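Some notes on the structure that comes next.
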Amino acid sequence: MIGKKTPNLIVRADVNISSSRNLKLGRDVSINHSVFLLCEGGLEIGDFVSIAHNTSIITTEHSYSDPDTPIKFQPIQRLPVVIGSNIWIGSRVTILAGVRIANGTVVAAGAVVTRSIDVENTIVGGVPARHIKMRF
Amino acid sequence: MIGKKTPNLIVRADVNISSSRNLKLGRDVSINHSVFLLCEGGLEIGDFVSIAHNTSIITTEHSYSDPDTPIKFQPIQRLPVVIGSNIWIGSRVTILAGVRIANGTVVAAGAVVTRSIDVENTIVGGVPARHIKMRF
Amino acid sequence: MIGKKTPNLIVRADVNISSSRNLKLGRDVSINHSVFLLCEGGLEIGDFVSIAHNTSIITTEHSYSDPDTPIKFQPIQRLPVVIGSNIWIGSRVTILAGVRIANGTVVAAGAVVTRSIDVENTIVGGVPARHIKMRF
(Lines give C-alpha, C1' and ligand atoms only; values in the text may rest on other atoms or scores of the structure.)
Protein backbone atom coordinates (compact mmCIF):
# COMPACT_ATOMS: atom_id res chain seq x y z
CA MET A 1 0.00 0.00 0.00
CA ILE A 2 2.67 2.52 0.91
CA GLY A 3 5.71 2.81 -1.30
CA LYS A 4 7.20 4.43 -4.37
CA LYS A 5 3.81 4.92 -5.93
CA THR A 6 2.39 6.91 -3.03
CA PRO A 7 4.72 9.90 -2.68
CA ASN A 8 3.80 12.59 -0.18
CA LEU A 9 1.31 10.44 1.65
CA ILE A 10 0.24 12.00 4.98
CA VAL A 11 -1.59 9.90 7.55
CA ARG A 12 -2.50 11.58 10.85
CA ALA A 13 -3.15 10.00 14.26
CA ASP A 14 -6.00 7.64 15.07
CA VAL A 15 -6.60 6.65 11.47
CA ASN A 16 -8.24 3.24 11.16
CA ILE A 17 -7.64 1.26 7.99
CA SER A 18 -9.06 -2.25 7.72
CA SER A 19 -8.17 -4.73 4.95
CA SER A 20 -5.50 -2.35 3.76
CA ARG A 21 -4.44 -4.89 1.09
CA ASN A 22 -7.60 -3.78 -0.73
CA LEU A 23 -6.61 -0.11 -0.62
CA LYS A 24 -5.03 1.50 -3.66
CA LEU A 25 -3.66 5.00 -3.16
CA GLY A 26 -2.37 7.62 -5.60
CA ARG A 27 0.17 10.34 -4.91
CA ASP A 28 -0.21 13.35 -2.58
CA VAL A 29 -3.00 11.87 -0.51
CA SER A 30 -3.70 13.27 2.99
CA ILE A 31 -5.69 11.25 5.50
CA ASN A 32 -6.47 13.24 8.62
CA HIS A 33 -7.18 12.36 12.26
CA SER A 34 -9.70 9.68 13.09
CA VAL A 35 -10.53 8.79 9.50
CA PHE A 36 -11.94 5.26 8.99
CA LEU A 37 -11.18 3.50 5.73
CA LEU A 38 -12.99 0.15 5.73
CA CYS A 39 -11.47 -1.40 2.63
CA GLU A 40 -12.95 -4.93 2.69
CA GLY A 41 -14.88 -4.27 -0.52
CA GLY A 42 -12.04 -2.42 -2.26
CA LEU A 43 -11.08 1.26 -2.07
CA GLU A 44 -9.23 3.20 -4.75
CA ILE A 45 -8.13 6.78 -4.12
CA GLY A 46 -6.55 8.85 -6.89
CA ASP A 47 -3.96 11.63 -6.78
CA PHE A 48 -4.10 14.91 -4.81
CA VAL A 49 -6.89 13.87 -2.49
CA SER A 50 -7.43 15.38 0.99
CA ILE A 51 -9.63 13.56 3.46
CA ALA A 52 -10.45 15.72 6.48
CA HIS A 53 -10.73 14.46 10.05
CA ASN A 54 -13.36 12.03 11.23
CA THR A 55 -14.49 10.94 7.77
CA SER A 56 -15.51 7.32 7.07
CA ILE A 57 -15.41 5.41 3.81
CA ILE A 58 -17.34 2.14 3.82
CA THR A 59 -17.08 -0.56 1.16
CA THR A 60 -19.40 -3.29 2.40
CA GLU A 61 -23.08 -3.51 3.17
CA HIS A 62 -25.23 -6.00 5.02
CA SER A 63 -27.96 -7.74 3.13
CA TYR A 64 -31.24 -7.50 5.02
CA SER A 65 -33.88 -8.82 2.66
CA ASP A 66 -34.37 -12.23 4.29
CA PRO A 67 -37.11 -11.89 6.91
CA ASP A 68 -36.23 -15.21 8.56
CA THR A 69 -32.53 -14.66 9.33
CA PRO A 70 -31.15 -12.07 11.72
CA ILE A 71 -29.68 -9.23 9.68
CA LYS A 72 -26.29 -9.75 11.27
CA PHE A 73 -26.08 -13.26 9.85
CA GLN A 74 -27.11 -12.26 6.33
CA PRO A 75 -24.38 -12.00 3.67
CA ILE A 76 -22.10 -9.00 3.40
CA GLN A 77 -21.94 -7.40 -0.04
CA ARG A 78 -18.61 -6.01 -1.22
CA LEU A 79 -19.12 -2.82 -3.18
CA PRO A 80 -15.91 -1.02 -4.13
CA VAL A 81 -15.55 2.73 -3.70
CA VAL A 82 -13.56 4.73 -6.24
CA ILE A 83 -12.42 8.24 -5.32
CA GLY A 84 -10.97 10.11 -8.32
CA SER A 85 -8.22 12.73 -8.29
CA ASN A 86 -8.04 16.34 -7.07
CA ILE A 87 -10.78 15.84 -4.49
CA TRP A 88 -11.38 17.43 -1.13
CA ILE A 89 -13.49 15.39 1.28
CA GLY A 90 -14.52 17.53 4.25
CA SER A 91 -14.67 16.64 7.92
CA ARG A 92 -17.12 14.07 9.25
CA VAL A 93 -18.20 12.87 5.84
CA THR A 94 -19.54 9.33 5.33
CA ILE A 95 -19.12 7.69 1.94
CA LEU A 96 -21.13 4.53 1.48
CA ALA A 97 -20.27 1.31 -0.31
CA GLY A 98 -20.40 1.33 -4.10
CA VAL A 99 -19.99 5.08 -4.54
CA ARG A 100 -17.71 6.61 -7.22
CA ILE A 101 -16.62 10.23 -6.89
CA ALA A 102 -15.62 12.19 -9.99
CA ASN A 103 -12.39 14.18 -10.32
CA GLY A 104 -12.41 17.66 -8.85
CA THR A 105 -15.27 17.10 -6.37
CA VAL A 106 -15.57 18.95 -3.06
CA VAL A 107 -17.63 17.03 -0.49
CA ALA A 108 -18.91 19.42 2.19
CA ALA A 109 -18.41 18.61 5.87
CA GLY A 110 -20.99 16.28 7.39
CA ALA A 111 -22.28 14.94 4.08
CA VAL A 112 -23.43 11.33 3.71
CA VAL A 113 -22.67 10.29 0.14
CA THR A 114 -25.08 7.52 -0.81
CA ARG A 115 -24.88 7.75 -4.62
CA SER A 116 -22.05 8.28 -7.09
CA ILE A 117 -20.99 11.80 -8.04
CA ASP A 118 -20.63 11.55 -11.81
CA VAL A 119 -20.11 15.17 -12.87
CA GLU A 120 -16.61 16.57 -12.34
CA ASN A 121 -15.79 19.74 -10.37
CA THR A 122 -18.98 20.00 -8.31
CA ILE A 123 -19.61 20.71 -4.65
CA VAL A 124 -21.95 18.27 -2.91
CA GLY A 125 -23.29 18.23 0.64
CA GLY A 126 -26.10 17.21 2.96
CA VAL A 127 -27.68 13.96 4.13
CA PRO A 128 -28.01 12.34 1.64
CA ALA A 129 -25.45 14.36 -0.34
CA ARG A 130 -26.85 16.40 -3.24
CA HIS A 131 -25.37 18.75 -5.80
CA ILE A 132 -24.90 22.23 -4.27
CA LYS A 133 -23.07 24.08 -7.05
CA MET A 134 -20.26 23.90 -9.59
CA ARG A 135 -16.80 24.59 -8.17
CA PHE A 136 -16.05 27.37 -10.68
CA MET B 1 -23.44 -6.23 32.14
CA ILE B 2 -21.31 -8.93 30.56
CA GLY B 3 -21.95 -12.54 31.49
CA LYS B 4 -23.98 -15.65 30.79
CA LYS B 5 -26.84 -13.64 29.40
CA THR B 6 -24.77 -11.86 26.77
CA PRO B 7 -23.29 -14.66 24.66
CA ASN B 8 -21.32 -13.71 21.56
CA LEU B 9 -20.87 -10.10 22.60
CA ILE B 10 -18.29 -8.30 20.44
CA VAL B 11 -16.89 -4.95 21.55
CA ARG B 12 -14.25 -3.34 19.33
CA ALA B 13 -11.56 -0.82 20.23
CA ASP B 14 -12.19 2.73 21.47
CA VAL B 15 -15.74 2.02 22.58
CA ASN B 16 -16.89 4.40 25.29
CA ILE B 17 -19.57 3.18 27.70
CA SER B 18 -20.60 5.44 30.58
CA SER B 19 -22.82 4.34 33.50
CA SER B 20 -22.59 0.77 32.25
CA ARG B 21 -24.63 -0.41 35.24
CA ASN B 22 -27.61 1.08 33.40
CA LEU B 23 -26.90 -0.92 30.24
CA LYS B 24 -28.88 -4.10 29.55
CA LEU B 25 -27.64 -6.20 26.64
CA GLY B 26 -29.13 -9.21 24.86
CA ARG B 27 -27.25 -11.95 23.02
CA ASP B 28 -25.21 -11.61 19.83
CA VAL B 29 -24.64 -7.89 20.11
CA SER B 30 -21.75 -6.27 18.20
CA ILE B 31 -20.46 -2.85 19.18
CA ASN B 32 -17.91 -1.52 16.73
CA HIS B 33 -15.02 0.92 16.94
CA SER B 34 -15.50 4.29 18.57
CA VAL B 35 -19.13 3.75 19.53
CA PHE B 36 -20.38 5.89 22.45
CA LEU B 37 -23.05 4.44 24.71
CA LEU B 38 -24.01 7.07 27.27
CA CYS B 39 -26.18 4.98 29.56
CA GLU B 40 -26.96 7.43 32.39
CA GLY B 41 -30.66 7.43 31.53
CA GLY B 42 -30.87 3.68 30.87
CA LEU B 43 -30.10 1.75 27.69
CA GLU B 44 -31.60 -1.60 26.73
CA ILE B 45 -30.37 -3.45 23.64
CA GLY B 46 -32.08 -6.66 22.49
CA ASP B 47 -30.69 -9.71 20.67
CA PHE B 48 -28.82 -9.83 17.35
CA VAL B 49 -28.03 -6.13 17.18
CA SER B 50 -25.07 -4.70 15.23
CA ILE B 51 -23.92 -1.19 15.97
CA ALA B 52 -21.46 0.06 13.36
CA HIS B 53 -18.45 2.27 14.07
CA ASN B 54 -18.67 5.79 15.38
CA THR B 55 -22.32 5.61 16.41
CA SER B 56 -23.57 7.37 19.57
CA ILE B 57 -26.54 6.52 21.75
CA ILE B 58 -27.53 9.24 24.21
CA THR B 59 -29.94 8.77 27.12
CA THR B 60 -29.97 12.16 28.82
CA GLU B 61 -30.92 15.66 27.79
CA HIS B 62 -30.32 19.08 29.24
CA SER B 63 -33.31 21.12 30.21
CA TYR B 64 -33.03 24.61 28.75
CA SER B 65 -36.38 26.26 29.40
CA ASP B 66 -35.29 28.50 32.28
CA PRO B 67 -34.14 31.81 30.81
CA ASP B 68 -32.42 32.87 34.03
CA THR B 69 -30.08 29.92 34.61
CA PRO B 70 -27.20 28.94 32.36
CA ILE B 71 -28.25 25.86 30.36
CA LYS B 72 -25.35 23.88 31.75
CA PHE B 73 -26.70 24.27 35.29
CA GLN B 74 -30.26 23.30 34.40
CA PRO B 75 -31.45 19.78 35.31
CA ILE B 76 -30.53 16.75 33.25
CA GLN B 77 -33.48 14.60 32.15
CA ARG B 78 -32.99 10.85 32.04
CA LEU B 79 -34.83 9.37 29.07
CA PRO B 80 -34.17 5.65 28.51
CA VAL B 81 -33.46 4.30 25.05
CA VAL B 82 -34.78 0.88 24.06
CA ILE B 83 -33.27 -0.87 21.02
CA GLY B 84 -35.25 -3.99 20.04
CA SER B 85 -33.87 -7.15 18.44
CA ASN B 86 -32.52 -7.97 14.98
CA ILE B 87 -31.45 -4.40 14.30
CA TRP B 88 -28.62 -2.98 12.26
CA ILE B 89 -27.49 0.50 13.23
CA GLY B 90 -25.16 1.91 10.57
CA SER B 91 -22.00 3.92 10.98
CA ARG B 92 -22.00 7.40 12.47
CA VAL B 93 -25.60 7.25 13.63
CA THR B 94 -26.81 9.34 16.58
CA ILE B 95 -29.74 8.07 18.63
CA LEU B 96 -31.20 10.62 21.01
CA ALA B 97 -32.58 10.21 24.52
CA GLY B 98 -36.04 8.67 24.86
CA VAL B 99 -36.06 6.88 21.50
CA ARG B 100 -37.40 3.32 21.07
CA ILE B 101 -36.43 1.34 17.97
CA ALA B 102 -38.70 -1.49 16.78
CA ASN B 103 -37.47 -4.99 15.96
CA GLY B 104 -35.98 -5.51 12.52
CA THR B 105 -35.06 -1.87 11.87
CA VAL B 106 -32.13 -0.81 9.69
CA VAL B 107 -30.83 2.67 10.56
CA ALA B 108 -28.86 4.09 7.62
CA ALA B 109 -25.38 5.51 8.14
CA GLY B 110 -25.27 9.11 9.34
CA ALA B 111 -28.88 9.22 10.56
CA VAL B 112 -29.88 11.23 13.63
CA VAL B 113 -32.80 9.41 15.24
CA THR B 114 -34.84 11.95 17.18
CA ARG B 115 -38.16 10.07 17.42
CA SER B 116 -39.11 6.45 18.10
CA ILE B 117 -39.32 3.98 15.22
CA ASP B 118 -42.55 2.13 15.97
CA VAL B 119 -43.12 0.04 12.85
CA GLU B 120 -41.01 -3.13 12.58
CA ASN B 121 -38.74 -4.00 9.66
CA THR B 122 -38.29 -0.56 8.17
CA ILE B 123 -35.27 1.32 6.91
CA VAL B 124 -34.83 4.83 8.27
CA GLY B 125 -32.24 7.50 7.52
CA GLY B 126 -31.46 11.20 7.34
CA VAL B 127 -31.26 14.11 9.76
CA PRO B 128 -33.69 13.85 11.45
CA ALA B 129 -34.26 10.18 10.57
CA ARG B 130 -37.38 9.44 8.51
CA HIS B 131 -38.91 6.30 7.03
CA ILE B 132 -37.16 5.39 3.75
CA LYS B 133 -38.78 2.06 2.87
CA MET B 134 -39.82 -1.32 4.22
CA ARG B 135 -36.99 -3.84 4.53
CA PHE B 136 -38.78 -6.50 2.42
CA MET C 1 -5.22 29.38 27.11
CA ILE C 2 -5.84 27.80 30.49
CA GLY C 3 -5.46 29.94 33.56
CA LYS C 4 -7.12 32.36 35.93
CA LYS C 5 -9.55 33.48 33.28
CA THR C 6 -10.90 30.00 32.56
CA PRO C 7 -12.28 28.78 35.91
CA ASN C 8 -14.14 25.47 35.95
CA LEU C 9 -12.84 24.35 32.60
CA ILE C 10 -13.56 20.65 31.96
CA VAL C 11 -11.78 18.83 29.13
CA ARG C 12 -12.53 15.12 28.69
CA ALA C 13 -10.41 12.42 27.05
CA ASP C 14 -9.41 12.31 23.42
CA VAL C 15 -10.01 16.00 22.83
CA ASN C 16 -7.98 17.34 19.92
CA ILE C 17 -7.07 21.03 19.94
CA SER C 18 -4.83 22.38 17.19
CA SER C 19 -3.26 25.87 17.20
CA SER C 20 -4.44 26.32 20.76
CA ARG C 21 -2.71 29.71 20.90
CA ASN C 22 -5.60 30.92 18.75
CA LEU C 23 -8.22 29.64 21.20
CA LYS C 24 -9.86 32.06 23.64
CA LEU C 25 -12.02 30.46 26.31
CA GLY C 26 -14.41 31.94 28.87
CA ARG C 27 -15.37 30.50 32.26
CA ASP C 28 -17.30 27.29 32.93
CA VAL C 29 -16.63 25.71 29.59
CA SER C 30 -16.99 21.91 29.18
CA ILE C 31 -15.38 20.12 26.27
CA ASN C 32 -16.39 16.49 26.08
CA HIS C 33 -14.80 13.33 24.69
CA SER C 34 -13.39 13.33 21.18
CA VAL C 35 -14.16 16.96 20.44
CA PHE C 36 -12.00 18.56 17.72
CA LEU C 37 -11.22 22.24 17.98
CA LEU C 38 -9.22 23.28 14.93
CA CYS C 39 -8.23 26.78 15.94
CA GLU C 40 -5.92 27.83 13.09
CA GLY C 41 -8.34 30.56 12.00
CA GLY C 42 -9.18 31.71 15.54
CA LEU C 43 -11.80 30.33 17.94
CA GLU C 44 -13.47 32.30 20.71
CA ILE C 45 -15.78 30.56 23.18
CA GLY C 46 -17.72 32.55 25.79
CA ASP C 47 -18.86 31.62 29.31
CA PHE C 48 -21.03 28.67 30.36
CA VAL C 49 -20.66 26.71 27.17
CA SER C 50 -21.05 22.91 26.97
CA ILE C 51 -19.70 21.09 23.95
CA ALA C 52 -20.90 17.48 23.83
CA HIS C 53 -18.83 14.54 22.64
CA ASN C 54 -17.58 14.13 19.12
CA THR C 55 -18.28 17.68 18.00
CA SER C 56 -15.92 19.50 15.62
CA ILE C 57 -15.31 23.20 15.22
CA ILE C 58 -13.41 24.20 12.08
CA THR C 59 -11.89 27.62 11.44
CA THR C 60 -10.22 27.25 8.05
CA GLU C 61 -11.41 26.43 4.58
CA HIS C 62 -9.68 25.41 1.39
CA SER C 63 -10.03 27.64 -1.59
CA TYR C 64 -11.05 25.61 -4.63
CA SER C 65 -11.86 28.16 -7.32
CA ASP C 66 -8.69 27.74 -9.39
CA PRO C 67 -9.34 25.04 -11.98
CA ASP C 68 -5.66 24.63 -12.79
CA THR C 69 -4.22 23.89 -9.34
CA PRO C 70 -5.03 20.84 -7.23
CA ILE C 71 -7.44 21.88 -4.47
CA LYS C 72 -5.00 20.71 -1.82
CA PHE C 73 -2.40 23.23 -3.00
CA GLN C 74 -4.82 26.18 -3.14
CA PRO C 75 -4.69 28.73 -0.31
CA ILE C 76 -6.28 28.09 3.08
CA GLN C 77 -8.68 30.81 4.27
CA ARG C 78 -8.72 31.62 7.98
CA LEU C 79 -12.27 32.37 9.10
CA PRO C 80 -12.66 32.81 12.86
CA VAL C 81 -15.52 31.18 14.75
CA VAL C 82 -17.15 32.99 17.67
CA ILE C 83 -19.30 30.99 20.11
CA GLY C 84 -21.19 33.26 22.53
CA SER C 85 -22.15 32.48 26.12
CA ASN C 86 -24.71 30.14 27.70
CA ILE C 87 -24.66 27.76 24.75
CA TRP C 88 -25.19 24.03 24.54
CA ILE C 89 -23.64 22.35 21.53
CA GLY C 90 -24.94 18.78 21.21
CA SER C 91 -23.09 15.63 20.27
CA ARG C 92 -21.59 15.12 16.85
CA VAL C 93 -22.14 18.68 15.71
CA THR C 94 -19.93 20.27 13.04
CA ILE C 95 -19.46 24.04 13.08
CA LEU C 96 -17.83 25.43 9.97
CA ALA C 97 -15.32 28.23 9.53
CA GLY C 98 -16.61 31.79 9.84
CA VAL C 99 -19.73 30.96 11.88
CA ARG C 100 -20.85 33.09 14.86
CA ILE C 101 -23.31 31.61 17.37
CA ALA C 102 -25.51 33.94 19.44
CA ASN C 103 -25.86 33.73 23.22
CA GLY C 104 -28.32 31.18 24.53
CA THR C 105 -28.31 28.90 21.48
CA VAL C 106 -28.93 25.15 21.65
CA VAL C 107 -27.41 23.27 18.70
CA ALA C 108 -29.12 19.89 18.29
CA ALA C 109 -27.05 16.72 17.99
CA GLY C 110 -25.74 15.96 14.53
CA ALA C 111 -26.24 19.45 13.15
CA VAL C 112 -23.84 20.95 10.61
CA VAL C 113 -23.77 24.70 11.21
CA THR C 114 -22.82 26.40 7.96
CA ARG C 115 -24.14 29.93 8.64
CA SER C 116 -24.13 32.20 11.68
CA ILE C 117 -26.91 31.97 14.25
CA ASP C 118 -27.76 35.61 14.88
CA VAL C 119 -30.90 35.45 17.01
CA GLU C 120 -30.37 34.63 20.69
CA ASN C 121 -32.02 31.75 22.57
CA THR C 122 -32.99 29.59 19.62
CA ILE C 123 -32.70 25.87 18.95
CA VAL C 124 -31.13 24.94 15.64
CA GLY C 125 -30.54 21.55 14.03
CA GLY C 126 -30.19 19.56 10.82
CA VAL C 127 -27.79 19.48 7.86
CA PRO C 128 -27.37 22.33 7.15
CA ALA C 129 -28.57 23.65 10.53
CA ARG C 130 -31.81 25.64 10.46
CA HIS C 131 -33.97 27.33 13.07
CA ILE C 132 -36.18 24.74 14.85
CA LYS C 133 -37.83 26.84 17.57
CA MET C 134 -37.25 29.42 20.27
CA ARG C 135 -35.84 28.02 23.52
CA PHE C 136 -38.64 29.49 25.69
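The values are calculated or read from the model by the stated rules, or taken from the named source; none is laboratory data. Predicted model, so just to flag it, every value in this text is computed and none were measured. FYI the Cβ positions are ideal-geometry reconstructions off the backbone, even for glycines, and counts take in every protein chain you see. Note: accessible area is taken over every heavy atom of the protein model, side chains too, but ligands, DNA and RNA are not part of it. Shrake-Rupley method; radii C 1.70, N 1.55, O 1.52, S 1.80 Å.
Name the shape class, rounded, prolate or oblate, that the alpha-carbon gyration tensor gives for chain C, where a ≥ b ≥ c are the square roots of its eigenvalues, rounded holds for a/c under 1.5, and otherwise prolate holds if a/b is larger than b/c and oblate otherwise.
Oblate, because a/c is 1.5 or more while a/b does not exceed b/c.
Roll a 1.4 angstrom probe over the protein heavy atoms and tell me the percent of accessible area of chain A that is carbon or sulfur.
The nonpolar share, carbon plus sulfur, comes to 49 percent.
For B:THR6, place a label point 7 Å from Cα along the Cα-to-Cβ direction in every copy; what are the distances to the other copies, in nm, shortest first?
With the label placed 7 Å along Cα→Cβ, B:THR6 yields 3.5, 3.5 nm.
Counting Lys +1, Arg +1, Asp -1, Glu -1, what net charge surrounds A:ILE71 among other residues with beta carbon under 14 Å of its beta carbon?
Spelling it out: positives minus negatives among the neighbours equals -4.
Could you sort the residues of region B:29-50 by number and keep only those whose accessible area is reduced by 30 Å² or more in the all-protein-chain setting relative to the chain alone, 1.4 Å probe?
Residues passing the criterion (a loss of at least 30 Å², heavy atoms only) are B:HIS33, B:PHE36, B:PHE48, B:SER50.
DSSP loop (so not H, G, I, E, B), at most 16 other Cβ within 10 Å: list which trypsin sites (Lys or Arg not before Pro) in region B:1-96 pass both filters.
B:LYS4, B:LYS5, B:ARG12, B:ARG27
What total accessible surface area, summed over both chains, is buried at the interface between chains A and B, computed with a 1.4 Å probe and given in Å² to the nearest 100?
So the total buried area for this chain pair works out to about 1800 Å².
Rolling a 1.4 Å sphere over the protein heavy atoms, what is the accessible area per residue of chain A, to the nearest Å²?
43
Antiparallel versus total DSSP beta bridges in region B:45-114: what percent is that, nearest 5?
In region B:45-114, approximately 20 percent of DSSP beta bridges are antiparallel ones.
What does the charge add up to near B:ALA97, with Lys and Arg as +1, Asp and Glu as -1, over the other residues with Cβ less than 12 Å from its Cβ?
Local charge sum for B:ALA97: +1.
How would you classify region C:2-44 from its alpha-carbon gyration tensor, with a ≥ b ≥ c the square roots of the eigenvalues: rounded for a/c under 1.5, else prolate if a/b is greater than b/c, otherwise oblate?
It comes out oblate by the Cα gyration axes.
Just the number, please: percent antiparallel of the DSSP beta bridges in the protein assembly as shown, rounded to the nearest 5.
20
What does the copy distance list look like for C:ASP118, label position 7 Å along Cα→Cβ, in nm and ordered from shortest?
4.0, 4.0
Name the most mobile residue of A:ILE87, A:ILE95, A:ILE76, meaning the one with the largest mean-square fluctuation, in a Gaussian network model of chain A with Cα contacts below 10 Å.
Largest GNM mean-square fluctuation: A:ILE76.
Among the lysines, which fall within straight-line cross-link reach of A:LYS5, defined as a Cα-Cα distance under 29 Å, with same-chain neighbours fewer than 8 residues apart omitted?
Of all the lysines, those that pass the test against A:LYS5 - Cα under 29 Å, at least 8 places apart if same chain - are A:LYS24, C:LYS72.
If I take every Cα pair under 8 Å that is 6 or more residues apart in chain C, average their sequence separation and divide by the length, what percent do I get for the relative contact order?
Relative contact order of chain C: 16 percent.
Let a ≥ b ≥ c be the square roots of the eigenvalues of the Cα gyration tensor of the protein assembly as shown; is it rounded (a/c under 1.5), or, if not, prolate (a/b larger than b/c) or oblate?
Oblate is the answer for the protein assembly as shown, as a/c is 1.5 or above yet b/c matches or exceeds a/b.
Would you mind working out the magnitude of the charge dipole of the protein assembly as shown relative to its Cα centre, with +1 at each Lys and Arg C-beta and -1 at each Asp and Glu C-beta, to the nearest 20 Debye?
Dipole about the Cα centre, nearest 20: 240 debye.
State the residue of chain C whose Cβ is nearest the axis carrying C onto B, and the distance in whole angstrom.
C:VAL127, 3
Quick one: with label points 7 Å out along Cα→Cβ, list the inter-copy distances for C:ARG78 in nm, shortest first?
4.7, 4.7
Using the Kirkwood radius over C-alpha pairs as Rh, can you work out the diffusion coefficient of region C:57-136 via Stokes-Einstein at 4 °C, viscosity 1.567 mPa s, in µm² per second?
97
For chain C, what proportion of DSSP beta bridges, expressed in % and rounded to the nearest 5, is antiparallel?
Percentage antiparallel, nearest 5: 20.
If you take every residue apart from A:ILE123 with its C-beta less than 9 Å away from the C-beta of A:ILE123, what net charge results, scoring Lys and Arg +1 and Asp and Glu -1?
+2
Under a Cβ-only charge scheme (Lys and Arg +1, Asp and Glu -1), can you give me the dipole magnitude of chain A about the Cα centre, in debye to the nearest 20?
In total the dipole reaches around 340 debye.
Going by Cα centres, region A:24-61 and region B:1-80 are how many Å apart?
Distance between centres, Cα-based: 29 Å.
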